[in-house]
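The values are calculated or read from the model by the stated rules, or taken from the named source; none is laboratory data. Just so you know, these numbers come straight off a predicted model, no measurement behind them. Reconstructed Cβ throughout: ideal geometry from the backbone, glycine too, with neighbour counts over all protein chains shown.
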Amino acid sequence: MTALSELRLRNFRSYTEACLTGLASSFVVLTGDNGAGKTNILEAISLLSPGKGMRSADLDDLQNREMRVPWGISANVSTSFGSVLVATAKDSLKNKRTVHIQGELAKSQSLLLEYFSCLWLTPQMDRLFIDASGARRRFLDRMVYSFDGGHAGRITRFENALSQRSKLLKDGNASPVWLTSLENQMAESGVAVAAARNDFVDRLQQVCNRRPSKDFPRAILSLNGFIEQELQHHSALETEEKYKNFLARNREEDAVTGGAAAGIHRSDFCVTYADKNMPAQDCSTGEQKALLIGIILSQADLINAERGTPPLLLLDEVAAHLDPNRRKALYGLLSEIGGQVWMTGTEAEIFSGLSGKNTSFLTVNSGQFLLQKIA
Ligand SMILES: Nc1ncnc2c1ncn2[C@@H]1O[C@H](COP(=O)(O)OP(=O)(O)O)[C@@H](O)[C@H]1O
Ligand SMILES: [Mg+2]
């Protein structure tokens, strides 16, 4: 099981202080008016996983505007290792976010992944399939990263080498030896990243294929990128060589356009509605949402299967947009996954289907930190 039993916030977004205790382990429902502070709570939980949280916010945006003491979040999480106290806060001196696990400063945020993972679905993600490819790439890489803590570091290595190469090319008269060394680094880290993406997409596809597709359609997943596609037919070493040669040949062109004409920074994560053979971007808004829910549920299944413990799920404003039958189906599927699910909405009524299911219903009142248990 994976569930927060207690969550405390300090000077985080609209909250100066808040404490939610005695939380049910299956569902926690937050209802309240627009602007009441529901998403802020989900965002706080999302920061108990590595990265910038579900709004990709900068550290300073998270700070309560009225308060000077840095924001902090802490939670008691029931995990398969027992109850774990995790905390994260802004370290003003270093201008970074620190993580403590059982009171010990964690060397890296990715250590959190050893205890639990956290997935989310937000209204902003409604545009995922029509946005530029960067948003889908980040979505995919976050999923890969939740299984493979080294993934983010390899992407950073690739990006650092890419940006140094771009700078050298732009300045002109760079030493070819130096360029070659950066290109080698791009090829090596790029192939590792692409291989991890390919492997993850294959595993996720298998889970998607096994899920019932009645309410949340089956997705066909693919990766469209130079290195990812090369790796489908060639070894990692051959692909590295090919990419290095490609980069060397393209120096002049890349000097003009900036960046590099191909690489893992340009790949796209493509999704097709299987039964209709329709690319996701051409599906209706409702179909896109249903596809996305299906992918998140599949990822939760994959985490469950591979790590033996379900993720925390944060579903922001998801239930209200489903018809009653789909909503009921969703509640059933979420119960089967078995991790704690946080859901928000403005109307309490849409969550009535959860009343027999070990649920905390909380109303969030605008203002500082008033949260009431109503059922
Ligand atoms: N850094 C901040 N300091 C103080 N208030 C903030 C900060 N960031 C956001 N807010 C406020 O938090 C309120 C609640 O936001 P949110 O949780 O998104 O509401 P909702 O209940 O609709 O999901 C908004 O009115 C917003 O102005
Ligand atoms: Mg909201």
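Per-structure values
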| read-out | value |
| --- | --- |
| Extreme residue, farthest from ligand 2 (Cβ to nearest atom), among residues of segment 21-45 that are over 21 Å from Leu333 (Cβ atoms) and not in a loop (DSSP other than H, G, I, E, B) | Ala44 |
| Residue identified as over 16 Å from Ser56 (Cβ atoms), not acidic (Asp, Glu) and not assigned by TED's automatic domain parsing to the domain that holds Leu42 among Ser133, Ser78 | Ser133 |
| Some residue of segment 274-290 being without any contact (Cβ under 8 Å) to a residue 24 or more places away in the chain, acidic (Asp, Glu), assigned to a helix (DSSP H, G or I) and closer than 20 Å to Ala187 by Cα | no |
| Among residues of segment 60-83, those that are touching a Phe, Trp or Tyr at 6+ places or on another chain (Cβ under 9 Å) and at pLDDT below 95, counted | 3 |
| Enumeration of residues in segment 148-198 that are in contact with a Gly (Cβ under 8 Å, 6 or more places away or on another chain) and surrounded by fewer than 17 Cβ atoms within 10 Å (Cβ to Cβ) | Lys170 |
| Qualifying residue in segment 328-338 (condition: outside the structural domain of Pro212 (by TED's automatic domain parsing), in a loop (DSSP other than H, G, I, E, B) and of a type in the set (Asp, Glu)) | no |
| Count - residues of segment 106-145 that are free of Cβ contacts under 8 Å to residues at least 40 places away in the same chain and buried (at least 18 other Cβ atoms within 10 Å of the Cβ) | 2 |
| Failed item in (1) among the aliphatic types (A, V, I, L, M); (2) away from ligand 2 (no atom under 14 Å from the Cβ); (3) at pLDDT 95 or above, with Met54 passing the rest | (2) |
| Tally, over segment 46-84, of residues that are more than 9 Å from ligand 1 (Cβ to nearest atom), surrounded by 14 or more Cβ atoms within 10 Å (Cβ to Cβ) and outside any loop (DSSP other than H, G, I, E, B) | 11 |
| Residue in segment 153-161 that is in contact with a Lys or Arg (Cβ under 8 Å, 6 or more places away or on another chain), outside any loop (DSSP other than H, G, I, E, B) and of a type in the set (A, V, I, L, M, F, W, C) present | no |
| Close pairs from segment 61-85: first among the acidic types (Asp, Glu), partner part of a strand (DSSP E or B), Cβ under 8 Å, at least 6 apart | Glu66/Thr16 |
| Extreme residue, farthest from ligand 1 (Cβ to nearest atom), among residues of segment 291-325 that are of a type in the set (S, T, N, Q) and under 16 Å from Trp120 (Cβ atoms) | Ser298 |
| Residues (touching a Ser or Thr at 6+ places or on another chain (Cβ under 8 Å) and within 12 Å of ligand 1 (Cβ to nearest atom)) located in segment 15-40 | Leu30, Thr31, Gly32, Asp33, Asn34, Gly35, Ala36, Gly37, Lys38, Thr39, Asn40 |
